[in-house]
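Before any comments, here is the structure.
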Amino acid sequence: MKEHRPVYQPNPEFAQNAAIKSMDEYWELQNKAKEDYEGFWKEYADEKIDWLAPYDQVLDESNAPFYKWFVNGKLNVCNQCVDRHLADKAEKTAILFEGDRGDVEHITYAELSLRVNRMANLLREKFGVVKGDRVVLYMPMIPEAAYAMLACARIGAIHSIVFGGFSAEALKDRIEDAEAKLVITADGAYRKGKPYMLKQVVDDALSQGGKSVEAVLVVKRNNEEINWVEGRDHNYNELIGEQHAECPYEVMDSEDPLFLLYTSGSTGKPKGVQHSSAGYILWAQMTMEWVFDIKDKDVYWCTADIGWITGHTYIIYGPLAAGATTVMFEGVPTYPDAGRAWKMVQDHKISQFYTAPTAIRVLHKMGEDEPTKYDLSSLKVLGTVGEPIDPPAWKWYYEVVGNSRCAIVDTWWQTETGGHMISPLPGATPIKPACATFPLPGIMAEVIDPDGTPKEAGETGLLCITKPWPSMIRTIWGDPARYEKSYFGDAVKDGKPVYFSGDGAVIDEDGYITITGRVDDVINVSGHRMGTAEIEAAVKKDDSVAEVAVVARPHDIKGESIFIYIVLKEGHINKDIKNHINALLSSEIGNIAKADHIVEVPGLPKTRSGKIMRRILRSIAKGEEITQDISTLEDSSIVEQIISKAREA
Ligand code: 6R9
């Protein structure tokens, strides 16, 4: 199959000063990694990390897939992100905060250091948080969230951030799984010019469970009235001023966990993805240099929320480890109008802009020509992440936002990978629209069959990483067996289990990798990952529901939307089922789990052995013709009935 996607060469002027300047240079690095994998990583670990004590082995594979990197090395991630920059960057802006209502604050590295040290002392002295304790953050996008993350890293506590859109129930589950000692939250913050609240959700979560929590630290942001539990709740703003300005950091092992981040899989409850200290921070920093080509004078903006992995690695840890200026934005890019993001680029002279396809589609739809009204000449690199981008959105991003001058880095990676895996290099890679292109140097990404056979050009296969890499997930918190089963159970290469991402991909004849999307039961709504099993479990909590099946349906803006089939128990009629189920999803998981379509059907298509034929349900939700063989179904007439119900929806 010969395809004719256009190819865009890197901007030659940009390439001159880029970290990686050509494909020759790329292949040289990648071949070096192939020939001497450990030697390759050693060189970067030695150059980039501020070691407090040297490691004695690069990679320990003796207990695969529980890999260890930089064995016995000592470091502190907060030192790597803050202290070590004080010598030459004390007065440089570390965090450029812009509030929802336009308030701007420049926090220098010196100020960041002071605030993080104070917060670290507060956690250590007032709340007795020690190395290895878990701290849950349920925070808005305000600088205090960054201070809290870095303060945890400083004293060796493991943070677990729960996205502010998750419900009390979801928050409680995560607090309990991690057995957190402390919760850090805020009264609330601002969105679209109005206050919104978070503290109540924490109160509700803790009234339902989370008995391990000894205290709640509350940052006052919007100063709206909140409930206060005497003895349990503590006011950050009152306490912080009393803290010492210096807090010695804990000496951490390379493999000590830095954080947990819960994410959805194809089965069961969300899993606590556990990341390490050394390997994670090394790759976070290296990808800032390679993929975003971060330079000293740059102002870098990633629009994610810190509640997701993109916010962890590419708002906080990566940029700060690289000594960059990172923008933190409380609001949404469409408020007060569709020009907000572009105005921010102009005002702050932003050089790298990193966002999700959903946001690009919304901004495109709201203001085709909007970017041309602003001076966007500071932009150098545009990034996208979270879901496959479609060629029209890509083209608009490239031509109108980037003025056909900026590279687009379509970065494929996951919560579990810690950092970018497959992405163009802005000064080297000739790019094709909506294509993640090549694995980064040192990353062995392959498109294979379950038995390890490489796929031919044009054939979709399993996207696997066939060698361990420094920033990879270490385990699932409290459940190592699930870690092994979830990621190393589906594909082998040379007889050894390899990491399977859950995504499908296709390689073209030039070797370019295009991600085709999840091949497991995970739905991606606006870049938010949700397991169908998790949604189904929530729907089943409704007493009138006998059976439920959840599938994805393509959506213009969100990429995918949630489509739910339900079978009611006999004798049950539920007129308001749609609102009812959505209210349930919003309380069990959060508003991000709301369904666009809820269809009541007389039964589900099942094989004679009782297995639900999800492929048929997916085709129906997409409005596709049914091409699957339905003769093996227990009751094939059900398909026609479901189709007509789905059409009405
Ligand atoms: C970083 C992040 C991971 C899933 C991943 C894939 C999808 C991410 C993508 C992409 C196509 C890209 N995904 N980047 N699909 N092109 N550039 O999003 O992590 O929330 O764990 O989601 O997102 O399906 O498996 P996470």
Restricting segment 380-401 to residues that are near the ligand (Cβ under 10 Å from one of its atoms) and of a type outside the set (Asp, Glu), the residue that is farthest from residue 259 (Cα to Cα)
389
Determine whether residue 372 is modelled with pLDDT of 95 or more, among the β-branched types (Val, Ile, Thr) and away from the ligand (no atom under 15 Å from the Cβ).
yes
Would you mind telling me which numbered condition in (1) near the ligand (Cβ under 9 Å from one of its atoms); (2) surrounded by 22 or more Cβ atoms within 10 Å (Cβ to Cβ); (3) within 27 Å of residue 584 (Cα to Cα) residue 527 fails?
(2)
Residue count, segment 586-636 (criterion: aliphatic (A, V, I, L, M), part of a loop (DSSP other than H, G, I, E, B) and closer than 29 Å to residue 173 by Cα):
2
Segment 80-96, residues that are out of contact with any Gly (no Cβ under 6 Å at 6 or more places or on another chain), buried (at least 20 other Cβ atoms within 10 Å of the Cβ) and not in a loop (DSSP other than H, G, I, E, B):
80, 81, 93, 94, 95, 96
Sort out which residues of segment 472-498 are in contact with a helix residue (DSSP H, G or I) (Cβ under 8 Å, 6 or more places away or on another chain) and over 26 Å from residue 173 (Cβ atoms), and write them in order of number.
497, 498
Taking interchain pairs and intrachain pairs at least six residues apart, which have beta carbon atoms under 6 angstrom, with the first residue in segment 390-416 and closer than 17 Å to residue 15 by Cα and the second within 11 Å of the ligand (Cβ to nearest atom) and part of a loop (DSSP other than H, G, I, E, B)?
409/423; 409/424
Output the residue which, of all residues in segment 446-456 that are in a loop (DSSP other than H, G, I, E, B) and either at pLDDT below 95 or charged (D, E, K, R) (or both), is surrounded by the fewest Cβ atoms within 10 Å (Cβ to Cβ).
451
Given the criterion of a type in the set (Val, Ile, Thr), within 16 Å of the ligand (Cβ to nearest atom) and in contact (Cβ under 8 Å) with a residue 12 or more places away in the chain, identify the matching residue among 358, 334.
358
Between 543, 520, which is over 18 Å from residue 646 (Cβ atoms), surrounded by fewer than 22 Cβ atoms within 10 Å (Cβ to Cβ) and within 16 Å of the ligand (Cβ to nearest atom)?
520
Here are some residues: 47, 25, 38. Which one is crowded, with 16+ Cβ neighbours inside 10 Å, acidic (Asp, Glu) and under 16 Å from residue 442 (Cβ atoms)?
25
With respect to the numbered conditions (1) under 21 Å from residue 335 (Cα atoms); (2) out of contact with any helix residue (DSSP H, G or I) (no Cβ under 7 Å at 6 or more places or on another chain); (3) of a type in the set (Ser, Thr, Tyr), which one is the sole condition not fulfilled by residue 398?
(1)
Among the residues listed as 564, 616, the single one being touching a helix residue (DSSP H, G or I) at 6+ places or on another chain (Cβ under 7 Å), at pLDDT 95 or above and under 28 Å from residue 505 (Cα atoms):
564
Candidate set: segment 402-428, residues that are touching a Leu at 6+ places or on another chain (Cβ under 6 Å) and more than 9 Å from the ligand (Cβ to nearest atom); chosen: the one nearest to residue 516 (Cα to Cα)
408
Just to be sure before I move on: is residue 587 at pLDDT 95 or above, within 16 Å of the ligand (Cβ to nearest atom) and within 24 Å of the chain's Cα centre (by Cα) in the structure I sent?
no
Among 595, 533, which is the only one that is modelled with pLDDT of 95 or more and within 30 Å of the chain's Cα centre (by Cα)?
595
Selection count where residues are of a type in the set (S, T, N, Q) and not in a strand (DSSP E or B), scope segment 311-332:
1
What are the pairs, 6+ residues apart or on separate chains, where a residue within segment 155-174 that is on the phi < 0 side of the Ramachandran plot and surrounded by 23 or more Cβ atoms within 10 Å (Cβ to Cβ) has its Cβ under 8 Å from a residue that is part of a loop (DSSP other than H, G, I, E, B) and of a type in the set (Lys, Arg)?
155/131; 157/131
Please state which one of 120, 148 is over 16 Å from residue 180 (Cβ atoms) and aliphatic (A, V, I, L, M).
120
Can you list the helices (runs of 4 or more DSSP H) lying wholly within segment 334-439 that have 3 or more residues being of a type in the set (Val, Ile, Thr)?
357-366
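The values are calculated or read from the model by the stated rules, or taken from the named source; none is laboratory data. What you see is a predicted model; the values in this text were computed from it and never measured. Don't worry about glycine lacking a Cβ; one is built from the backbone with ideal geometry, like all the others, and counts go over all protein chains shown.
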